[in-house]
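*Asks:* Pasting a structure here, questions to come.
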Amino acid sequence: MEVKNMSEEALLETLAKIEVLLREGSPEALEAARTISKVLLVRTQHADPRQRVAALTALGHGERFSGMLAESDRTYGEALMLLPSKPADPEARFQYANLLTCQGLSLLLMSDLESLKKAKACFEQSIALRDRPDTNEAETWGLSAGWLNLADTLAALGGQDALEEAVRCTEKARETLARLSDPQPAACQNRLALSWMKTAEYSARLSAEYARPMEEKVMIGFANAAEILQSESLAGEEESRRMLAAALSNLSRSRLLLEKRGSRKGEEEAREAIHLLGDAVFSAPETLFLALSARMNIACHLAGMSNGEDGDDDVLLEVTDVIEEAMTIAAEGRRKWGANAVADDLLGELTRLGAEAYRVASPDFLVDFLMDVLDPERGDDHFADSPAVHEAAVRVLWHGISDLQKAGFAGFGSDEYDKRRDHLAAWQLCREELAAIRTRYFIVESA
């Protein structure tokens, strides 16, 4: 199969076939892309460096998209070795910067400290190659991505200084996008919105982790992202719709964290996020998470607007409806994507919200809710394997039992007293039954 050079037409045709397979993204398609890339690599073994670099780049993409990160890092590195480290002409400079970006993305996904440091160096070098007065439109577009990639790497490295620098990188990305001659296409608007979302995300971390006064910047970031995406979403851009759903859900969550209360506005934003997702909930683990977190936001806003006044029970019963829907979606998602498709702490928080709402507004049904969630004998849609769900259930039960015990014999002989006594007995029994279920799913070490 070895030849000195492939024809340009044959090379481009093969690369186009690989690109189609990479876009498809299924395990079978990715395996086929890697196989074709390896054949191409053999065919270009004695070809000129340009063809060899193209073959290595295609293989690196196939490995990276398949999660073979260490392999892709090595493959991209081999391709870079075939190119001059200080490319003179714009085309060579663009190719070298692209390869550095690809290698950096593999290293970023590897996420260990040493890989993150190497990723940072890759992105910084890529930015330096592109950030020039004579940079064309394509390189300017790549430069904006470089700033966002560097921001992600700094955020992953962590620390106050790195997070502050990450925020500045997102601002540099927006400055770069503003240099494009026509910044209106959907892809550009999506990236602009993404930069605002990342500004908000990293500012929120600075606020939460380092007590920096960044609350206003968080709200502005998510609000600006939502505003930018609104027009693209209405125009029917699917990616824009999903990004808008994420921006609205994050904005809703930010109101809870920063305003310290529930609000009707935040509830509406979360509901709009769910509407935008539509039937795409189970299209990927990311959309599943978004659907569940939006429902959690709704429940938190409703619970936060409940102040113990008349009619609050109706609001809390809305919470139970939202949470039960979320648990059904979570169970379906775990069947489709595996038990790890939904984060355990998210499952625990959903359970806590639902159980607390039942405890306050409809205590007669608290046991049914908890057993439906945790008893494997009641059906396949259970979470008996989730430590966080068990912990949330036990905490709510103890909270309820403690409140009932504090009431003592107050109102002895009354209907209210009899109800308290019945609830106390039912909740104690539920606690014991849940303990028995835990022994089936977890190894308990004795002292």
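*Asks:* At 1.4 Å probe radius, can you tell me the per residue accessible area of the chain in Å²?
*Replies:* Value for the chain: 50 Å² per residue.
*Asks:* Still on this structure: Output ³J(HN,Hα) for the stretch 317-333: one whole-Hz value per residue in order, computed from phi by the Karplus curve 6.51 cos²θ - 1.76 cosθ + 1.60 with θ = phi - 60°, and x for Gly and Pro.
*Replies:* 5, 4, 4, 4, 4, 5, 5, 4, 4, 5, 5, 5, 5, 4, 5, 5, x
*Asks:* Also: Note down the relative contact order for the chain as a percent, whole number, built from C-alpha pairs under 8 angstrom at least six residues apart.
*Replies:* 6
*Asks:* Whole angstrom only: what separates the Cα centroid of the stretch 102-117 from the Cα centroid of the stretch 26-62?
*Replies:* 22
*Asks:* Take every Cα-Cα pair in the chain and report what % of them are more than 32 Å apart.
*Replies:* 51
*Asks:* Still on this structure: What part of the accessible area of the chain, given as a whole %, is carbon or sulfur when the probe is 1.4 angstrom?
*Replies:* Roughly 52 percent of what the probe reaches on the chain is carbon or sulfur.
*Asks:* Would you mind pulling out the separation of the Cα centroids of the stretch 128-152 and the stretch 197-255, in Å?
*Replies:* Using only Cα atoms, the two centres lie 23 Å from each other.
*Asks:* Next question, about the same structure. Name the residue from 110, 365, 294 whose Cα lies farthest towards the positive end of the charge dipole of the chain, charges +1 on Cβ of Lys and Arg and -1 on Cβ of Asp and Glu.
*Replies:* Sorting the options by dipole projection puts first 110.
*Asks:* ³J(HN,Hα) across the stretch 156-166 via Karplus (A = 6.51, B = -1.76, C = 1.60, θ = phi - 60°), whole Hz, x for Gly/Pro?
*Replies:* Working through the residues one at a time gives 5, 5, x, x, 4, 4, 5, 5, 5, 5, 4 Hz.
*Asks:* Given charges of +1 on the Cβ of Lys and Arg and -1 on the Cβ of Asp and Glu, with all other atoms neutral, how large is the dipole of the stretch 267-370 about its Cα centre, in debye to the nearest 20?
*Replies:* 660
*Asks:* Remind me, relative contact order of the stretch 83-228 in percent, using alpha carbon pairs under 8 angstrom and six or more residues apart?
*Replies:* Taking the mean separation of contacting Cα pairs over the length of the stretch 83-228, I get 17 percent.
*Asks:* Toward the positive end of the charge dipole of the chain, about the Cα centre and with charges on Cβ (Lys, Arg +1; Asp, Glu -1), which of 323, 339, 58 goes farthest?
*Replies:* 58
*Asks:* Can you compute the charge dipole magnitude of the chain about its Cα centre, using +1 on each Lys and Arg Cβ and -1 on each Asp and Glu Cβ, nothing else charged? Give it in debye, rounded to the nearest 20.
*Replies:* With Lys and Arg at +1 and Asp and Glu at -1, about 1600 debye.
*Asks:* Still on this structure, please answer the following. Can you give the longest stretch of the chain with no exposed loop site, where a site means chymotrypsin sites (Phe, Trp or Tyr not before Pro) in a DSSP loop (not H, G, I, E or B) with at most 10 other C-beta atoms within 10 Å?
*Replies:* For chymotrypsin sites (Phe, Trp or Tyr not before Pro) (loop position, at most 10 other Cβ atoms within 10 Å), the longest site-free span of the chain is 1-408.
*Asks:* Please give the charge dipole size of the stretch 87-214, origin at the Cα centre, charges +1 on K and R Cβ atoms and -1 on D and E Cβ atoms. Round to the nearest 20 debye.
*Replies:* The calculated dipole for the stretch 87-214 is roughly 180 debye.
*Asks:* So which GluC sites (Glu not before Pro) in the stretch 241-339 pass both tests, a DSSP loop state and at most 16 other Cβ atoms within 10 Å of the Cβ?
*Replies:* The qualifying sites are 309.
*Asks:* Add -39500 (n - 2.57) for each DSSP H run of 4 or more in the chain, then divide by its residues: what number comes out at 222 nm, to the nearest 500 deg cm²/dmol?
*Replies:* Helix-only estimate at 222 nm: -26500 deg cm²/dmol.
*Asks:* Build a GNM of the chain with springs between Cα atoms under 10 Å: which of 155, 97, 284 gets the top mean-square fluctuation?
*Replies:* Sorting by GNM fluctuation, first place goes to 284.
The values are calculated or read from the model by the stated rules, or taken from the named source; none is laboratory data. Just so we're clear, the structure is a prediction, and the values are computed from it rather than from any experiment. Cβ coordinates were reconstructed from backbone atoms using ideal geometry, including for glycine residues, and neighbour counts include every protein chain displayed. Accessible surface areas use protein heavy atoms only, side chains included; no ligands, DNA or RNA. Shrake-Rupley method; radii C 1.70, N 1.55, O 1.52, S 1.80 Å.
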